[in-house]
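Coordinate-derived values only; no laboratory data. Everything numeric here is computed off the predicted structure, so don't read it as measured data. Because the Cβ atoms are built from the backbone with ideal geometry, glycine has one as well, and the counts that use them run over all protein chains shown.
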Amino acid sequence: MIQLHDLYFEKFIPRSEINLAINGVALEINDDFKDKNPVFLIVLNGAFFFAADIIKKFEGNCEMSFIKVASYDGTQSSGEISTVMGAEPYLKGRSVIVIEDIVDSGNTIIAIKKILEEEQVKEFKIATLFYKPEAYNKNVPIDYIGLEVDNDFIVGYGLDYNGLGRNLNDIYKVKKQMMKNIVLFGPPGAGKGTQAEVLKEKYNLIHISTGDVFRYNIKNETDLGNLAKFYMDKGDLVPDEVTIDMLKAEVNKNLKANGFIFDGFPRTESQAQALDDFLAEKGEGINAMVALEVPEDILVKRLLKRGETSGRPDDQDESKIRNRFNEYETKTAVLKNYYSDQNKYYGVDGVGNIEEITLRVCDIIEKI
């Protein structure tokens, strides 16, 4: 398992199988072109590995040329082709073998076909190491195919994900997350607990509340609970490692779950990174941080109202309530940046009735 940027990839095709495919393509090209002094037109950047191996196995005279086109943004083809570098040498009247790393949508093939027709080449053939028949719907034939693959996003042996992965000798495919993992945030009184109850039922998720986990471990005098109590009795903050180990234990007890709602954790960037690292070991990750956003004055009124029945002293003193908000804003500002950098932060309007807010949250969860 490897990580490139925000995605996880698992080994898919070993180098030995790639070598067999290359040998097969090289034999066909030699049979068709070894006496024609062809030009190998290499599509940059991804095809340079494949092209080098093919050309080293070519038995006749040949020349090389390079063309750079772009259609991918992240893991999806944009559909828009831009030619960054044109072909040299002069191709008019020449036999041309286009070397591609992968053919999926076919947009690049159509763009290159147009260029070659304008150059008035004598003939051209297309060779690709990987071919996705499910994705290809153009009428230009692909003459030499190394391996047919499913319509998964793959990296390695020249193929990349936003610049990374080209140097891998084997081919890896993106690992689809099986779990739906949500970090649920919200200031005191935002209705986070209410929404967590609804979401865990609707999506069959495990709700992990840091407060509940602490209370369970301390009450049952587990090793972690005793350790946490030791720090708390001294008036010290419980170290991140202890909190994280408690959450790991909860996750490990529910490895077949559809996913988790993390409530009250992480609270710091180091905790968020630790959670990412832990989930990455299982080929999983956080899908989204969903933060309920409610104006402070509304929250103060809610908590003072709650304080009339909750019995909590910190729900009955406005200055204490506002101090809790300041603490929340300080912590979430850091986490907002952390998850925003991963395009995983989603702010949700937390004003309205429970059903309205639930619809907003669910709309986000069902899109991720």
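Worth a mention:
- Within region 156-195, backbone nitrogen closer than 20 Å to the virtual label 7 Å beyond the Cα of residue 202 toward Cβ: 179-187, 189-195
- Computed E for residue 6/residue 110 - FRET, C-beta separation, R0 35 angstrom, nearest 0.05: 0.70
- For region 182-365, a Kirkwood radius taken over Cα pairs fed into Stokes-Einstein (20 °C, viscosity 1.002 mPa s) yields D = 123 µm²/s.
- When the listed pairs 180/202; 34/132; 11/68; 320/344 are checked against a 20 Å cut-off, the alpha-carbon distance exceeds it for 34/132; 11/68; 320/344.
- The trypsin sites (Lys or Arg not before Pro) found in region 90-172 that occupy coil by DSSP, while having at most 14 further C-beta atoms within 10 Å, are 92, 122, 138.
- Helix-derived mean residue ellipticity, 222 nm - over the chain, DSSP H n ≥ 4, -39500 (n - 2.57), to 500: -13000 deg cm²/dmol
- Each label was represented as a point 7 Å from its Cα along the Cα-to-Cβ direction; for residue 309 and residue 37 these points are 9.2 nm apart.
- Total formal charge among the other residues, if their Cβ is under 14 angstrom from that of residue 30, Lys/Arg +1 and Asp/Glu -1: -2
- Restricting region 237-295 to trypsin sites (Lys or Arg not before Pro) in coil, as DSSP defines it, with at most 12 other Cβ within 10 Å: 253, 256
- Residues of region 247-266 with amide N under 14 Å of a point placed 7 Å along Cα→Cβ from residue 220: 247-254
- Taken along the Cα-to-beta-carbon direction at a fixed 7 Å, the label points for residue 63 and residue 143 span 1.7 nm.
- Where both bridge residues fall in region 127-241, DSSP classifies roughly 50% of the beta bridges as antiparallel.
- Inter-label distance, residue 150 to residue 322: 5.8 nm, where each label sits 7 Å from its Cα along the C-beta direction.
- For region 268-329, the Stokes-Einstein estimate of translational diffusion at 4 °C and a viscosity of 1.567 mPa s comes to 92 µm²/s, using the Kirkwood hydrodynamic radius over alpha-carbon pairs.
- Among the listed pairs 256/367; 248/367; 192/301, those whose Cα-Cα separation exceeds 20 Å are 256/367; 248/367.
- Exposed GluC sites (Glu not before Pro) absent - longest run of the chain, DSSP non-H/G/I/E/B, at most 15 other C-beta within 10 Å: 135-220
- What the Cα atoms of the chain give is an Rg and a Dmax of 28.3, 92 Å.
- Cross-link reach list, aspartates and glutamates versus residue 229, counting only Cα pairs under 20 Å and skipping chain neighbours closer than eight places: 212, 221, 240, 241, 245, 250
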